[in-house]
Amino acid sequence: MTQFSRRSFLKTSAAGVAAVASNQSPAANPIDVRKIIPPNLDDAYLGQKILCYRPMRHGSPNLSVAQVGNKVVAHNYGHGGSGWTLGPGSANYVNTLMINSQYAKELSNKSTPIAIIGAGVIGLFTAYDLNKRGYNNITIYADRVESLTSHNAGGLLAPVSMDNAPDMQATIDQIGIDAYRFYDGIAKNKNADFKGGALIVPTYFNDREDSGLEPYVGKVMQPAKEVVLDFDNGTTRKMVAYDDGIYMDTATLMGELNQYMKAHNIQIVKQKINSFSGVKEKFIFNCSGLGSSQLANDAAVIPVQGHLIMLKNQDPKNMNYMILVYFGEGKSEANQKTKRSFYIFPKRLANTAPQDIGVIGGTFIEGGNPNTPNLKEFDVLLKGAKDFYGIS
Ligand SMILES: Cc1cc2nc3c(=O)[nH]c(=O)nc-3n(C[C@H](O)[C@H](O)[C@H](O)COP(=O)(O)OP(=O)(O)OC[C@H]3O[C@@H](n4cnc5c(N)ncnc54)[C@H](O)[C@@H]3O)c2cc1C
C-alpha cells in the first residue's frame, strides 16, 4: 500500500485552534501582537453560498506524457485543493516534459497543432506557457468555460488537500516554488501580461506544518513568525505568520488569462471530448480536472466537495490577510467523512463592488458530489468562523 506523506492530504489538527488567555497583556508578551478587526458575519453581510469540487487524485496529480492510440497525451490534472497554487509551475513542468519527450523533433516546429482539453486554471496556464514558448497553433476544447471550480476557488497559495505519494513530494514542492515566483512577479508588477491578480498578504496558520509552505522557506519565502492575533473583542489567537503569503485573485486571473487567449488567437471551442481519439490534433494536453475520471479512465480522481460563503458590505481595509486553521473531522448529513477548517481570504467574484470582499470556507468532503450537497455544512462553517473570531 502506498505510504502518503503526513502533510499530503488535509490533516486534522486534533488540538483545534489555540486560543490565548484574553487577559494576557501584549506589553508583557514578546510575541508580535497584531490587531485584526473581524469581518461582519451577520446575515446581512453574507453573500452567495457556493458549492464546488476539487479534482483530487490519490497518489499525486497526473503529470506525465503517454501515447494513447495514435495521439500523444500530456496529462496535467488532479491538483485537489492546490490547482491555483501549482497552476503555472505545473504547466511549465508538464509542457517541458512533452517538449523534451521522444516527440521533441516534431514539437520543435512551433506551428504544430496542439489541443488542450479544459479551460480551467490548468488548461489556461498550459496554453499561456506554450504560447510564451512560441507555440502559435493552439486550440482549447472545454465543455464549460464559466463558473468553474477555477473561478470559485479561494485563492490561498499553499499546498493543501492533496494526497501525494512521498516520492512525488519534492516534485510538487518545486512546482509550487516555481508558481510562487510567477505570482510574486504579478504581485510586484513585473509581468506585463497581468495587471493585477496576485497580492502579497500576511497569511496565518496554527503551525508551520499545517501551512505546507516550509519547503518554500529559504527559497522564495521568509521564515514564519510566531504572532498573536488580537480581534479587539477579548479574543486572541496564537498563530504563525508568513508575511509574504500570496493571495491569488482567481476571478481576476481567470479574466486576464481568457483575455490573453483572445489577444493571442488561441481559440476556445465549447465542446465535450469523449475520447482522445476524437480530437483532431495529434498532441493533446489533458487538463480536464475531474473530467479525467472518465476521459482518462482514472479511478484515482475523486471530487472533494467544498462549501464557500462570500461576504459582502465589508470594509476592504480590514481584509488584507488570510487565515487557515483546521478544526477536525466529522460526518456530514449524508454520512460522508468531513474534514472541517476555517479559512478567510480577500476574495471577490468578478464584477462586484469593492466592499463585496471576503470568502469564508471550508469543508473537505471526499466523494461529496452534487447528489450529496451537504447543505448544513454552510451553518457549521459560519459557526466555526464566528467561534474563531469570538463573535457571539
Ligand atoms: C472550495 C474550493 C476552494 C479552493 N481554494 C483553493 C485555494 O485557495 N488555492 C488553490 O490553490 N486551489 C484552491 N482550490 C482548488 C482549485 O480550485 C482547483 O485545484 C483548480 O481550480 C482545478 O483546476 P482545473 O483546471 O484542473 O479544473 P476545472 O477548473 O474544474 O476545469 C476543468 C476544465 O475541463 C473541462 N472538461 C472536463 N472534462 C471535459 C471533457 N470531457 N471534455 C471537454 N472539457 C472537459 C471543464 O469543462 C473545465 O473547462 C479550491 C477548490 C475548491 C473547490
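Read the figures in this text as sums done on the coordinates, not as results from a lab. Computed from a predicted structure; not experimentally measured. Every residue, glycine among them, receives a Cβ derived from its backbone with ideal geometry; neighbour counts consider all protein chains shown.
Give me a count of the residues in segment 143-152 that are buried (at least 18 other Cβ atoms within 10 Å of the Cβ) and part of a loop (DSSP other than H, G, I, E, B).
So in segment 143-152, the residues buried (at least 18 other Cβ atoms within 10 Å of the Cβ) come out as 145, 148-152.
Checking the rest, the ones that are also part of a loop (DSSP other than H, G, I, E, B) come to 145, 148.
Final tally of qualifying residues: 2.
Considering each residue of segment 274-295, count those that are surrounded by fewer than 20 Cβ atoms within 10 Å (Cβ to Cβ), over 12 Å from Val68 (Cβ atoms) and within 11 Å of the ligand (Cβ to nearest atom), and give that number. Going through segment 274-295 one residue at a time, the tally reaches 3. The residues on offer are Phe388, Phe378, and the sole one that is within 13 Å of the ligand (Cβ to nearest atom) and not in a strand (DSSP E or B) is Phe378.
Residue by residue, here is whether (1) near the ligand (Cβ under 6 Å from one of its atoms); (2) part of a loop (DSSP other than H, G, I, E, B); (3) touching a Pro at 6+ places or on another chain (Cβ under 9 Å) holds:
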residue	(1), (2), (3)
Thr112	no, yes, no
Tyr128	no, no, yes
Asn136	no, yes, no
Tyr141	yes, no, no
Gly154	yes, yes, no
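If the condition is being outside any loop (DSSP other than H, G, I, E, B), within 21 Å of Asp244 (Cα to Cα) and of a type in the set (Val, Ile, Thr), then segment 309-359 contributes Ile323, Val325, Ile344, Val359.
Please specify each residue of segment 199-237 satisfying the condition of being under 14 Å from Leu324 (Cα atoms), touching a helix residue (DSSP H, G or I) at 6+ places or on another chain (Cβ under 8 Å) and surrounded by fewer than 17 Cβ atoms within 10 Å (Cβ to Cβ). Of everything in segment 199-237, just one residue is under 14 Å from Leu324 (Cα atoms), touching a helix residue (DSSP H, G or I) at 6+ places or on another chain (Cβ under 8 Å) and surrounded by fewer than 17 Cβ atoms within 10 Å (Cβ to Cβ), namely Arg208.
Taking segment 54-69 as the range and being surrounded by fewer than 20 Cβ atoms within 10 Å (Cβ to Cβ) and assigned to a strand (DSSP E or B) as the test, the residues that pass are Gly59, Ser64, Val65, Ala66, Gln67, Val68.
Does segment 68-75 include one or more residues that are under 22 Å from Ile268 (Cα atoms), within 14 Å of the ligand (Cβ to nearest atom) and among the hydrophobic types (A, V, I, L, M, F, W, C)? Explain how you work it out, then say what you get.
The initial filter retains those residues of segment 68-75 that are under 22 Å from Ile268 (Cα atoms), namely 71-75.
With the extra rule that they be within 14 Å of the ligand (Cβ to nearest atom), the set shrinks to 73-75.
Then keep just the ones that are among the hydrophobic types (A, V, I, L, M, F, W, C); that gives 73-74.
Yes: one or more hits.
Take the conditions (1) within 30 Å of Ser277 (Cα to Cα); (2) in contact with a helix residue (DSSP H, G or I) (Cβ under 7 Å, 6 or more places away or on another chain); (3) surrounded by fewer than 19 Cβ atoms within 10 Å (Cβ to Cβ); (4) not small (Gly, Ala, Ser); Pro303 misses just one of them, which is (3). Asp298 satisfies every condition listed in (1) in a loop (DSSP other than H, G, I, E, B); (2) touching a strand residue (DSSP E or B) at 6+ places or on another chain (Cβ under 8 Å); (3) more than 23 Å from Gly245 (Cβ to Cβ); (4) more than 15 Å from the ligand (Cβ to nearest atom) except (4). Just checking, does segment 99-120 include any residue being surrounded by 24 or more Cβ atoms within 10 Å (Cβ to Cβ) and farther than 12 Å from Asn286 by Cα? Checked segment 99-120: no residue is surrounded by 24 or more Cβ atoms within 10 Å (Cβ to Cβ) and farther than 12 Å from Asn286 by Cα. Sub-7 Å Cβ pairs linking a first residue in segment 265-288 that is among the acidic types (Asp, Glu) to a second residue that is crowded, with 20+ Cβ neighbours inside 10 Å, at least 6 apart or interchain, are Glu281/Ile114; Glu281/Ala115, ordered by first then second residue. Residues that are without any contact (Cβ under 8 Å) to a residue 24 or more places away in the chain, in a loop (DSSP other than H, G, I, E, B) and not small (Gly, Ala, Ser) within segment 211-258 comprise Gln222, Pro223, listed in sequence order.
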